[in-house]
1. Taking segment A:229-244 as the search range and keeping residues that are within 12 Å of chain B (Cβ to nearest Cβ) and touching a helix residue (DSSP H, G or I) at 6+ places or on another chain (Cβ under 7 Å), which one is nearest to residue B:65 (Cα to Cα)?
2. With the condition kept exactly as written, say whether any residue in segment B:80-89 is within 14 Å of chain A (Cβ to nearest Cβ) and in contact with a strand residue (DSSP E or B) (Cβ under 9 Å, 6 or more places away or on another chain).
3. Which pairs turn up if I take residues in segment A:203-228 that are within 14 Å of chain B (Cβ to nearest Cβ) and look for partners that are outside any helix (DSSP H, G or I) with beta carbon separation below 8 Å, at least 6 apart in sequence or on another chain?
4. Given B:170, B:165, which one is away from chain A (no Cβ under 14 Å), in contact (Cβ under 8 Å) with a residue 24 or more places away in the chain and within 16 Å of the ligand (Cβ to nearest atom)?
5. As an exercise: evaluate residue B:119 against (1) touching a strand residue (DSSP E or B) at 6+ places or on another chain (Cβ under 8 Å); (2) under 25 Å from residue A:96 (Cβ atoms) and give the number of the one condition it does not meet.
6. For segment A:288-328, which positions are away from the ligand (no atom under 16 Å from the Cβ) and modelled with pLDDT under 95?
7. For segment B:183-205, which positions are within 20 Å of residue B:55 (Cβ to Cβ), more than 8 Å from the ligand (Cβ to nearest atom) and in a loop (DSSP other than H, G, I, E, B)?
8. At least 3 residues that are within 14 Å of another protein chain (Cβ to nearest Cβ) and under 20 Å from the mean Cα position of the chain (by Cα) in each: list the helices (runs of 4 or more DSSP H) lying fully within segment A:109-199 that qualify.
Ligand code: B12
């Protein structure tokens, strides 16, 4: 066996242990930086590289070489080509090349009943043509646009997949697969009613919001299902809206369908990773109710309290503040990693990830050096 | 006559039905501009209650956003009766969310409040380039520019906008206030603005002080 294959096997074991609630040999580590960072780190143009993926192989090679990680550092990428071909409005490239999500309304308030009656039909017939300009028009034209976009996307994904396979073969990462879905309420907010729209709906027609979340739940389950639940991997669910709701709106509108989503995934034998965005400290008792070994990556909060309340039942991650990489000395950055290891590692059930993704690289700034030092530190000192 | 206390409380409670019924009934009586101003003031006091409930964690961002929408709806209904006091416009403001930033909820709340307080408000929208600010200032010659932004990068865009105003020789003809979550005293100095705020009501007071 080559070294890389041995490493992959070892790393797979780390995650198998982690996900099943056993204490792994050491704390698994994931690099918090994204492809956006990697491109800038390689000194290349962000926009250009996202259009021309052939430029990315050396980008990833340098990125993998310089920063320790157990998982392939290429997650959650929005490839611009198919968005452009579809005339996307919910995901667009900014002038600096960053793929961003502006406020969009895919579903009008007066269309709630239609949505509730048949979410899938409503999405295909009303929402998609509204959000994607090229899906609006004569059927022939729409068919052409869709064909082009799907072809572009599958070419791009295949290309990125090849790079990934090469990096895995060279650096021996864990072979994990992922699916992505959203909590029903978040899906209603992000792509259908908008942040502004849903905030009004919660007050004006809470019953319709609740019914819409119920109606869309099966689609969210389908979207989050892995090709085969016994594969090493997880369903990733980024959580958006809960911190912006009053407790009572959370309890009646957000929580019930979200809980069902996570429970369904778990009952199929799949791991779930939640990205617990913003401040969820007032909802810890709710989170406790989720199935055992649900992975929770926190953006914010009191790590000690979370370990105490959830750490025996769930797998905790996150908390490492990436802003420190920007403002702190190397020693301060390492001290912070040590502090989190001391709090979260005992008893296992801990995965080192940061509070947010690092998407920006400044050549003169300290981020790259600090980040590399922190990842090394956790790699070397995270042993059980 | 409309019960202003009840109205203030309804705004604080974000009770849309009560507010709209009261305002519609009030407008139907063909009130004087002066009375309409009192109603606006009562709504602003209601917004202050919303702010307090937000501070004490009873309301959250979603509630602020709904409050902003209610306020602008209310002002729209009152506009016809407020136009009687148009001659009393107290000043003009150009507002916008700066380049690279698409968030506009905070800006819109401030815009509605400024309009309700009698300012002429020119809203340039979101992702507004420095040159768009410069052009508008040349065109309408406002006393005040209000820049909004919530992304960290908004601070740089605000700086560039002030620089562009300087280069166009317009900086000294206007007061500049910046708003949005990431602004603070340091940022304000760096940017070269005259004042900053993370609270629309407070920002409005500053602006009123400037045009006195
Ligand atoms: C709502 C929201 C959105 C909505 C925006 C809807 C809209 N139409 O504005 C949507 C979902 C579209 C969105 C998109 C994105 N968002 Co956003 N969003 C938020 C959120 C949750 C709330 C912001 C808000 O409206 N606050 C409420 C208002 C009322 O507060 P405010 O703006 O401070 O305004 C008050 C005062 O400051 C003042 N004020 C404001 N402006 C002005 C101007 C003047 C002149 C005056 C006097 C006063 C004043 O008055 C207001 C009332 O008192 C924040 C998180 C948070 N908790 O703040 C993230 C947040 C701002 N978003 C963030 C990000 C990263 C994004 C995206 C880039 C995500 C992506 N990857 O695509 C995109 C943005 C694209 C872009 N280029 O802008 C980050 C910013 C990180 C950073 N440091 O830069 C935040 C902090 C979330 C996070 N923690 O990561 N977002």
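The values are calculated or read from the model by the stated rules, or taken from the named source; none is laboratory data. Worth saying up front: this structure is predicted, and the values here are computed from it rather than measured. Glycine also receives a Cβ, built like all others from the backbone with ideal geometry; neighbour counts cover every protein chain displayed.
1. A:244
2. no
3. A:203/B:14
4. B:165
5. In the conditions (1) touching a strand residue (DSSP E or B) at 6+ places or on another chain (Cβ under 8 Å); (2) under 25 Å from residue A:96 (Cβ atoms), residue B:119 misses (2) alone.
6. A:328 - this is the single residue of segment A:288-328 that is away from the ligand (no atom under 16 Å from the Cβ) and modelled with pLDDT under 95.
7. Of everything in segment B:183-205, just one residue is within 20 Å of residue B:55 (Cβ to Cβ), more than 8 Å from the ligand (Cβ to nearest atom) and in a loop (DSSP other than H, G, I, E, B), namely B:184.
8. none
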